[in-house]
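Taking it in order: structure first as structure tokens, then the write-up.
The values are calculated or read from the model by the stated rules, or taken from the named source; none is laboratory data. All values reported here derive from a predicted model rather than from experimental measurement. Methodologically, a virtual Cβ is constructed for each residue, glycine included, from the backbone with ideal geometry; neighbour enumeration extends over all protein chains shown. These area figures cover heavy atoms from the full protein model, side chains too; ligands, DNA and RNA do not enter into them. Shrake-Rupley method; radii C 1.70, N 1.55, O 1.52, S 1.80 Å.
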Amino acid sequence: MRHLGANFFSQFRSKGLMNLFKKLCKQNQACKYTFLRGKLDEFTKDHVRHRLAARAALVAAHAAAVAQGTQVPLGPEPDPIGLCDLPGFDPPNTRRRHGRRIKNFAEWIEHEPLERWSLLHDTHGARYGVMTTNLAESYNFVLRGNRALPLTALVEGILYGTINYFKERRELALNHMLENPNTPYCKAIMEYMDVKMEKGMSHTVLAIDMAARSLLDPLIDQKHRASHFEADPQSMEPLQTRTPKKNWMIHPQWEDRLKWAGLLPFARLVEARENVSRLNYDAALITCLVDRWRPETHTFHFRWGEMAPTLQDVSMLLGLPLAGEPIGPLEEPVGWMHSMDARFVGVREGVGPISFEAHGPRQAWLHEFQIEQFGYPDVPMTAAQITRSLEAYLMWLLGKTMFTDNHGNTISARYIPIAQEIAEATEAEHIIQRSWGSAVLAATYRGMCKGCQLTSHGSGIVGCPLLLQLWSWARFPIGRPEIRDGSWPPDELYDAERIDMPTFGSLWTSRKRHFGHNQLRNCYPAFTEQFDLLLESDVTWEPYSEDHRDEAYPGGISNMCTRDWAYWMTKAKIIFDIFVEEMSQQRVMRQFGQRQLIEPPPPTVPLPPRVHAYNRKGANKTAAGWLQLLAPYITGWANAPAVSWATMGPFDLQEFEHYLRAYMPRTRLRLSQACDPVQRDPSTMWDTYPRHSTSGTRHHAAVLTAELQDDAAQYARSLSSGPLLGRYEHHASFAQRLQDKLRRIYATITCTRSSDVAEYRAAQRPPRPSLQVHQPWHAPRPRMEVPPSPRPPSPNQAGGSGWQNQQQQEPTYEYWQRAGFGMEQQFPMPNFGWRPRMDEPEGEGHMSTGSGSRSFWSSAHDQDETQQSYQDWISSQQQTPPPDPTQYSQHEQGYMLPPRHRQPPVRMYSPSPFQARPPPRRGGGRGRDQ
């Protein structure tokens, strides 16, 4: 094929067409072969025509120049040779075209057998998918320089040449691995894969049967909080936040050292301020986010797609640097108790020796070195006091705000070397530049991966809860306070270096926060329901836009927010201590305003599960041992900006909808399950608060509404495709289902139980003339006349609570008499030996319920009369007219449907028209039953 390609180039003089010809030779699919051959014929024909025209124009211009005596004559262009004849192989009388007689590819290749140059027509399968092997030329390359040697020397030359060949390439491979630890293949293969991946970005993939490929790991989901919440919502409690109860003030002489370390913008977020309360961490809101965190993808799974805190959020909200050395692994200094005690002794009078535990110094002992404890600002502080108070402050800042853990009273001793280094620095070069932002995000990821599987009482969330709360407030309206001073004055907190300036989280932490009187805070079930019902339009996908920045921070924000933007899309792993976490920016591209692929690509180098499970429990490894295990990831972070996810173009809403259709069947979208009110237990008079959450009723109403829509659509299709008037039972069945489901929807939304809604009973109407001679095939129940009355108010209006006016809404005896029905007719009873008596006085044979009450039991001699009444009722049923006209026919005849009456909710006891008071209580003692 390579030699045939060279002949092709000599004929048509185009390298692009030659490559297209080689691609045609290697095609093994008939459709692609036909398409490429047609294109090759078209391109070669146009190319020959353009070449001839260009040659003619060149000859004419050259002839004119020669006539003027300015140029020498143009020599003739050599004619292309073409393919030569093959005697013995060509069929008889074969005449090939040569030179300029060939006008396109078909004329050039017409006499060449297809099986000799096309892989598709390799009938005998001798090539095995390989067009050209060049084994002979490769062997000549190995033997170059050794051909004149004796046989023994020739063999030794081949041996040592092969060894040197593999040695050189092994050294190149090792160097490539050290320089690019995250690259699993050689440079040539990676370049080839990058080209193919870039080409694949332009393809649109339609997901088919994606529900079978779930995003949830069954082993993880079995222990996940979402699974437990789905099974028993009442047993779940919010996670606790191990956060400080008081913020520290910042001394002016700390600012330079905090700025050198890259911590000053973050320190301003948790600084104690006058007239501004400390930011209280909302454990319920943070727990709702943790419940939706999935360790399988390292993203939150919502109804509207996947989201996650990223390095962009860390930079914009917290202002922490991303460039620098990763923070890990950390190690406790040997003898830290004695050295720390020696540094702090005598710094403040009245403070005893260091108070500590095995984990680290106690937090209460460090609080003794706050600057207000020294009398600041009224009393000046010495240089030693400023240094030691800064060291104590850094211990609090690292251990209680940035990297919280489950130790509530102590702070880890692993932060002592970092705090001492920053506190004692006199120049910026004395402080190591660290990647604080990536460490905070890694600690938060690890805290959520661990916290989403904690269900016991008192479990806590570790990491940086401040990041999660600010991230939620910036994007969701749930639990978010109102900031009435919505703009940051330009002259407040201004720095010439533009470092000590506000971040996107400053307004939330440095202003008074107001919550509406009807806004829920610290309400775990309510927040869970709100996240389940939140719409995609309520989410702020890009909260860091220039318009929002100019509106909220007209004076600008800190340079730390945007300085390390090159790290936002990196594929490198983030590290804190011994924990290694993986980011999934390719799954949350809409947060960056980029195109979200239907099937996000997997990580280039997935993080092994054993590395993600690293922890210090039972691991007696030194810092050197941990450093050896984490060396590939530490080296990879040094090259983080160079290894990033490629931008995929601007956001496309239509493609995002395809992504949602593929994403939704593969995960859990809601935590609150659908709940029918009829399944709930009735409340009692001793309940002082609602015993049941209403979080599932809206879902249940949505399910019923969807079913109702399907039934209506099916009924409409049957009417359009069937006869004009079908069987009556089909229409009656649909009407009954429609009535039942509407009643259940109304009960789900407005009532405690479905029995709170009374069934509608139509009034007795005279039959239509056309139906008077019709003999009914069924015997419907007698109907009562319902007097028209105004529609009762809705449950949320005054007077809408039906059980407050219980006696007025219950039908009375006089009501039944006005309706034209006696008690026996409305409630017929068989021969059971008793019946209600309304006209007999109280006397022998009757059981009395008290003064002025009705009689309830009849004597035995009344059984014959009861039997006769029952027979009369049976006869009346057989003479009942057909059903009432429909709603449409009633409107035509001037009838109006009576309003629906709602029955009050049944509580412990509901009176009836036959009973004057409840039955006597059991037991006569004073207590709960009384």
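Brief remarks follow.
- Filter result (in a loop (DSSP other than H, G, I, E, B), in contact with a helix residue (DSSP H, G or I) (Cβ under 9 Å, 6 or more places away or on another chain) and of a type outside the set (Lys, Arg)) within the range 210-246: Ser214, Leu215, Leu216, His224, Met236, Glu237, Pro238, Leu239, Thr243, Pro244
- The residue that is surrounded by the most Cβ atoms within 10 Å (Cβ to Cβ), among those in the range 345-364 that are assigned to a loop (DSSP other than H, G, I, E, B) and in contact (Cβ under 8 Å) with a residue 40 or more places away in the chain, is Gly360.
- Residues satisfying the stated conditions in the range 180-204, i.e. outside any loop (DSSP other than H, G, I, E, B) and touching a residue at least 60 places away in the same chain (Cβ under 8 Å): Met197, Glu198
- Flag if Ile250 is surrounded by 18 or more Cβ atoms within 10 Å (Cβ to Cβ), over 24 Å from Phe576 (Cα atoms) and not small (Gly, Ala, Ser): yes
- Residues satisfying the stated conditions in the range 315-338, i.e. farther than 17 Å from Trp637 by Cα and β-branched (Val, Ile, Thr): Val334
- Residue in the range 140-153 that is assigned to a helix (DSSP H, G or I), open to solvent by 70 Å² or more (accessible area, probe 1.4 Å) and modelled with pLDDT of 80 or more present: yes
Conditions (1) buried (at least 16 other Cβ atoms within 10 Å of the Cβ); (2) at pLDDT 90 or above, marked per residue:
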| residue | (1), (2) |
| --- | --- |
| Ser558 | yes, yes |
| Thr570 | yes, yes |
| Glu582 | yes, yes |
| Val605 | yes, no |
| Gly618 | no, no |
| Ala624 | no, no |
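- Condition check for Trp471: within 20 Å of the chain's Cα centre (by Cα) and closer than 27 Å to Asn247 by Cα: yes
- Only listed residue being over 28 Å from Asn28 (Cβ atoms) and either modelled with pLDDT under 85 or surrounded by fewer than 10 Cβ atoms within 10 Å (Cβ to Cβ) (or both), chosen from Asp90, Asp85: Asp85
This table checks each residue for (1) open to solvent by 30 Å² or more (accessible area, probe 1.4 Å); (2) touching a residue at least 60 places away in the same chain (Cβ under 8 Å); (3) farther than 24 Å from Gly324 by Cβ.
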position: Glu429; (1), (2), (3): yes, no, no
position: Arg475; (1), (2), (3): no, yes, yes
position: Glu482; (1), (2), (3): yes, no, yes
position: Arg498; (1), (2), (3): yes, yes, no
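- Among the candidates Thr562, Thr528, residue that is buried (at least 20 other Cβ atoms within 10 Å of the Cβ) and of a type in the set (Val, Ile, Thr): Thr528
- Tally, over the range 8-30, of residues that are under 21 Å from Gly99 (Cα atoms), in contact (Cβ under 8 Å) with a residue 24 or more places away in the chain, touching a helix residue (DSSP H, G or I) at 6+ places or on another chain (Cβ under 9 Å) and in a helix (DSSP H, G or I): 5
- In the range 485-586, counting only helices (runs of 4 or more DSSP H) that sit wholly within it, the ones holding 1 or more residues that are among the basic types (Lys, Arg) and over 30 Å from Val605 (Cα atoms) span 546-552.
- Residues in the range 699-708 include none that are in a loop (DSSP other than H, G, I, E, B), open to solvent by less than 80 Å² (accessible area, probe 1.4 Å), among the β-branched types (Val, Ile, Thr) and at pLDDT 60 or above.
- Residues of the range 195-209 that turn out to be open to solvent by 80 Å² or more (accessible area, probe 1.4 Å) and either among the aliphatic types (A, V, I, L, M) or modelled with pLDDT of 80 or more (or both), as a count: 8
- Output for the range 544-559, where each listed residue is closer than 24 Å to Ala323 by Cα and of a type in the set (D, E, K, R): Glu546, Arg549
- Residue ID - most open to solvent (accessible area, probe 1.4 Å), chosen from residues in the range 445-464 that are closer than 13 Å to Asn406 by Cβ and touching a helix residue (DSSP H, G or I) at 6+ places or on another chain (Cβ under 6 Å): Val462
- Among (1) crowded, with 21+ Cβ neighbours inside 10 Å; (2) in a helix (DSSP H, G or I) - the single one Phe369 does not satisfy: (2)
- All positions within the range 29-41 that are open to solvent by 90 Å² or more (accessible area, probe 1.4 Å) and not aromatic (Phe, Trp, Tyr): Cys31, Lys32, Thr34
The rows are residues; the columns are (1) outside any loop (DSSP other than H, G, I, E, B); (2) among the acidic types (Asp, Glu).
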{"residue": "Asn275", "(1), (2)": "no, no"}
{"residue": "Tyr281", "(1), (2)": "no, no"}
{"residue": "Thr287", "(1), (2)": "yes, no"}
{"residue": "Asp313", "(1), (2)": "yes, yes"}
{"residue": "Met316", "(1), (2)": "yes, no"}
{"residue": "Pro329", "(1), (2)": "no, no"}
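- Any pair with Cβ under 6 angstrom, 6 or more apart, that starts in the range 621-649 at a residue that is under 22 Å from Pro600 (Cβ atoms) and ends at one that is assigned to a helix (DSSP H, G or I) and aliphatic (A, V, I, L, M): Pro641/Ala566
- Asn275 vs. criteria in contact (Cβ under 8 Å) with a residue 24 or more places away in the chain, in contact with a Lys or Arg (Cβ under 9 Å, 6 or more places away or on another chain) and on the phi > 0 side of the Ramachandran plot: yes
- Inter-residue pairs, beta-carbon under 6 Å, first within 16 Å of Asp41 (Cβ to Cβ) and without any contact (Cβ under 8 Å) to a residue 40 or more places away in the chain and in the range 98-125, second not basic (Lys, Arg) and not in a loop (DSSP other than H, G, I, E, B), 6+ apart: Leu114/His121
- Residue match in the range 47-56 (condition: outside any loop (DSSP other than H, G, I, E, B), open to solvent by less than 40 Å² (accessible area, probe 1.4 Å) and closer than 15 Å to Ile109 by Cα): no
- Given (1) in contact (Cβ under 8 Å) with a residue 60 or more places away in the chain; (2) touching a helix residue (DSSP H, G or I) at 6+ places or on another chain (Cβ under 8 Å), number of the condition His301 does not satisfy: (2)
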